[in-house]
Amino acid sequence: AFRVIVVTYYIDVSQTTPRLMRQVNALPPTPVAENIQNLQFSYDVLDANTGITYPNLSDPRNSGYSPNQIAKVNIYVSFRSAQQRLVLRGYSEVTLATSITPRNLDFLDRYP
(Lines give C-alpha, C1' and ligand atoms only; values in the text may rest on other atoms or scores of the structure.)
Protein backbone atom coordinates (compact mmCIF):
# COMPACT_ATOMS: atom_id res chain seq x y z
CA ALA A 1 0.00 0.00 0.00
CA PHE A 2 1.21 3.49 -0.87
CA ARG A 3 -0.03 6.83 0.31
CA VAL A 4 -0.58 9.15 -2.62
CA ILE A 5 -0.37 12.89 -2.03
CA VAL A 6 -1.63 15.05 -4.88
CA VAL A 7 -0.29 18.61 -4.76
CA THR A 8 -1.66 21.17 -7.20
CA TYR A 9 -0.34 24.68 -7.82
CA TYR A 10 -2.37 27.18 -9.81
CA ILE A 11 -2.91 30.90 -10.29
CA ASP A 12 -6.15 32.25 -8.79
CA VAL A 13 -7.28 35.30 -10.75
CA SER A 14 -10.69 35.63 -9.10
CA GLN A 15 -9.28 38.23 -6.66
CA THR A 16 -8.05 41.71 -7.56
CA THR A 17 -4.43 40.52 -7.37
CA PRO A 18 -3.39 37.17 -8.89
CA ARG A 19 -2.35 34.65 -6.22
CA LEU A 20 -0.34 31.45 -6.43
CA MET A 21 -2.41 28.78 -4.69
CA ARG A 22 -1.43 25.35 -3.34
CA GLN A 23 -3.94 22.56 -2.82
CA VAL A 24 -3.11 19.21 -1.23
CA ASN A 25 -5.47 16.33 -2.03
CA ALA A 26 -9.08 17.48 -1.42
CA LEU A 27 -8.21 20.04 1.27
CA PRO A 28 -9.07 23.72 0.74
CA PRO A 29 -6.44 25.64 -1.27
CA THR A 30 -4.10 28.02 0.55
CA PRO A 31 -2.38 31.10 -0.91
CA VAL A 32 1.39 30.87 -1.30
CA ALA A 33 2.20 34.21 -2.94
CA GLU A 34 0.37 37.27 -4.23
CA ASN A 35 0.87 39.61 -7.19
CA ILE A 36 2.03 36.85 -9.52
CA GLN A 37 2.85 38.18 -12.98
CA ASN A 38 4.12 35.06 -14.71
CA LEU A 39 4.31 31.33 -13.96
CA GLN A 40 5.85 28.98 -16.51
CA PHE A 41 6.76 25.30 -16.53
CA SER A 42 8.93 23.63 -19.11
CA TYR A 43 10.26 20.10 -19.26
CA ASP A 44 13.46 18.38 -20.31
CA VAL A 45 12.66 14.95 -21.75
CA LEU A 46 14.93 11.98 -22.37
CA ASP A 47 14.52 10.05 -25.59
CA ALA A 48 15.21 6.44 -24.57
CA ASN A 49 15.98 5.37 -28.14
CA THR A 50 18.74 7.91 -28.79
CA GLY A 51 19.79 8.81 -25.23
CA ILE A 52 19.43 12.51 -26.09
CA THR A 53 17.80 14.97 -23.69
CA TYR A 54 15.58 17.60 -25.31
CA PRO A 55 15.37 20.77 -23.16
CA ASN A 56 12.60 23.30 -22.47
CA LEU A 57 9.55 21.67 -24.00
CA SER A 58 6.39 23.45 -22.89
CA ASP A 59 4.24 20.31 -23.23
CA PRO A 60 6.00 16.99 -23.88
CA ARG A 61 2.75 15.32 -24.96
CA ASN A 62 2.42 17.69 -27.93
CA SER A 63 5.96 16.74 -28.99
CA GLY A 64 5.27 13.00 -29.00
CA TYR A 65 6.80 12.20 -25.60
CA SER A 66 5.12 10.62 -22.59
CA PRO A 67 5.23 11.94 -19.01
CA ASN A 68 7.52 9.10 -17.93
CA GLN A 69 10.24 10.53 -20.19
CA ILE A 70 10.47 13.76 -18.15
CA ALA A 71 13.99 14.13 -16.80
CA LYS A 72 13.74 17.66 -15.37
CA VAL A 73 11.05 20.26 -14.66
CA ASN A 74 12.01 23.93 -15.08
CA ILE A 75 9.95 26.44 -13.09
CA TYR A 76 9.90 30.20 -13.66
CA VAL A 77 7.83 32.56 -11.50
CA SER A 78 7.75 36.36 -11.54
CA PHE A 79 5.95 38.58 -9.06
CA ARG A 80 5.92 42.19 -7.92
CA SER A 81 5.33 44.21 -4.79
CA ALA A 82 1.79 45.19 -3.81
CA GLN A 83 2.59 48.90 -3.61
CA GLN A 84 4.80 51.27 -5.56
CA ARG A 85 8.18 52.35 -4.24
CA LEU A 86 8.50 55.84 -2.82
CA VAL A 87 11.77 56.52 -4.64
CA LEU A 88 11.81 56.28 -8.44
CA ARG A 89 8.18 55.09 -8.38
CA GLY A 90 7.29 51.80 -10.00
CA TYR A 91 7.05 48.38 -8.44
CA SER A 92 9.74 46.10 -7.07
CA GLU A 93 9.84 42.91 -9.12
CA VAL A 94 11.33 39.53 -8.27
CA THR A 95 11.90 36.63 -10.62
CA LEU A 96 12.73 33.13 -9.44
CA ALA A 97 13.80 30.22 -11.60
CA THR A 98 14.67 26.70 -10.54
CA SER A 99 14.83 23.16 -11.86
CA ILE A 100 13.80 19.97 -10.16
CA THR A 101 14.31 16.33 -11.06
CA PRO A 102 11.31 14.18 -10.20
CA ARG A 103 12.25 10.80 -8.80
CA ASN A 104 11.60 7.65 -10.79
CA LEU A 105 10.15 9.34 -13.86
CA ASP A 106 13.19 9.05 -16.08
CA PHE A 107 14.27 5.52 -15.13
CA LEU A 108 16.05 3.89 -18.03
CA ASP A 109 17.41 0.36 -17.79
CA ARG A 110 20.60 0.76 -19.80
CA TYR A 111 22.08 -2.58 -18.74
CA PRO A 112 19.53 -5.30 -19.58
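The values are calculated or read from the model by the stated rules, or taken from the named source; none is laboratory data. Keep in mind it's a predicted model, so treat the numbers as computed, not measured. With ideal geometry, Cβ positions are generated from the backbone for all residues, glycine too; neighbour counts draw on all protein chains shown. Side chains are part of the model used for accessible areas, which takes the heavy atoms of the whole protein and leaves out ligands, DNA and RNA. Shrake-Rupley method; radii C 1.70, N 1.55, O 1.52, S 1.80 Å.
So, with a 1.4 angstrom probe, what is the percent of accessible area on segment 1-88 that is carbon and sulfur?
Details: 3410 of 6270 Å².
Heavy-atom surface of segment 1-88 belonging to carbon and sulfur, 1.4 Å probe: 54 percent.
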Just to be sure I understand, if you calculate volume of the Cα convex hull per residue in Å³ for this structure, which of (1) 154; (2) 109; (3) 117 do you get? (1)
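Assuming R0 = 25 Å, can you tell me the calculated FRET efficiency for the pair GLN84 and VAL32, based on Cβ-Cβ distance, to the nearest 0.05?
Values: r = 23 Å, r/R0 = 0.93.
Plugging the Cβ-Cβ distance into 1/(1 + (r/R0)^6) gives 0.60.
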Picking from THR101, LEU20, SER58, whose Cα lies most toward the positive end of the charge dipole for the chain (charges on Cβ: Lys, Arg +1; Asp, Glu -1)? LEU20
From the phi of every residue in segment 78-86, what ³J(HN,Hα) in whole Hz does the Karplus formula 6.51 cos²θ - 1.76 cosθ + 1.60 yield, where θ is phi - 60° and glycine or proline is x? 10, 9, 9, 6, 6, 10, 6, 6, 6
Virtual spin-label span in nm between ASN56 and GLN40, 7 Å along Cα→Cβ: 0.7
Starting from the amide H of ALA71, placed 1.01 Å from N in the peptide plane, find each other amide H under 5 Å away whose residue is 5 or more places distant or on another chain. ASP44, VAL45, LEU46
Return one whole number: the accessible area per residue of the chain in Å², for a 1.4 Å probe. 77
